[in-house]
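J.: My questions will all concern the structure given below.
Nothing in this text is a laboratory measurement; each read-out follows from the coordinates by a stated rule. These figures come from a predicted structure and were not determined experimentally. Ideal geometry is used to build each Cβ from the backbone, glycine not excepted, and the neighbour counts take in all protein chains shown.
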Amino acid sequence: MAAAMWVRLGSSGTELGMAHLANASISGAFLETALKLPVNASILLEPVSSAGIALEDLKLAARVARVDSRGLGIEWRVLLTPQTLALLTAAHP
């Protein structure tokens, strides 16, 4: 599914930067970003509103599955969680 949302990326309690959620599915997503993380890196995504505020403390655990010149392909750590469904709903009102 196409998406249009910014997410804050973090790992081990450290903020890594921002990414644009380009598309999302029940198994993962593609993040457009200049960040170059290693494949299999564990990350935490925190969707943010257009005002830069986190959306109801929603945090999604994922791992980097692939890296290319446009960004990162990720896989959710847990499929079909309420958080994942909320993210998909927020991306597609």
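J.: How far apart, in nanometres, would the label points at ALA65 and VAL48 be if each is projected 7 angstrom from Cα along the Cα-to-Cβ direction?
T.: 2.6
J.: Then there's this: Given points 7 Å out from each Cα along the Cα-Cβ axis, report the ASP57 to VAL39 separation in nanometres with one decimal.
T.: The two pseudo-label positions are separated by 3.7 nm.
J.: So if each residue of separation counts as 0.36 nm, and I subtract the Cα-Cα distance between LEU16 and LEU79, what length gain in nm does that give?
T.: Fully extending the segment from LEU16 to LEU79 adds 20.3 nm.
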